[in-house]
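Notes follow the structure.
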């Protein structure tokens, strides 16, 4: 049973980490398009928010730093993904991925300001990210998942 449990937690970590590693590598190898898409997503979100919203001030503040922010996101995705994949400092890796996930989910999947089919599609993406977040929270809670239980002290 212990082998099965270790195998399942390892496979789970691999699946979660591959998502982040592959998407970060895609961003790196298609840097120009990734940067343009990131700025476009920020501008689109800005256009959906009301002009009196705190969100517009936030978007306006980070827009000039979009390239730097995208670079930080990619670094967090790669480092966090590889830490999870190789099983070293998995809680730190999960934390880095949670930071990326929260940030990108709120900036990219803002279903609450959309209507119709776009709203449905973004809601699905938002919920998918929440599911991944749940998996990462489990990694934070249980670590690698293969620590042996300590024996009770004998009397």
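Values in this text are rule-based calculations from the coordinates and carry no lab data. Since this is a predicted model, take the numbers as computed values, not measurements. Cβ coordinates were reconstructed from backbone atoms using ideal geometry, including for glycine residues, and neighbour counts include every protein chain displayed.
Here each label is just a point 7 Å from Cα along the line to Cβ, and for residue 114 and residue 92 those points are 3.6 nm apart.
Compared with the dominant principal axis of the Cα atoms in the chain, helix 116-142 is inclined by about 30°. Against the main long axis of the alpha-carbon atoms of the chain, helix 31-48 sits at an angle near 70°. Projecting label points 7 angstrom from Cα along Cα→Cβ for residue 47 and residue 62 puts them 1.9 nm apart.
Each label point was placed 7 Å from the Cα along the Cα-to-Cβ direction; for residue 133 and residue 40 their separation is 2.6 nm.
Stretching residue 71 away from residue 3 to a fully extended chain increases their span by 20.6 nm, per 0.36 nm per residue minus the current alpha-carbon distance. Rounded to the nearest 10 degrees, the inclination of helix 90-108 to the longest alpha-carbon principal axis of the chain is 20 degrees.
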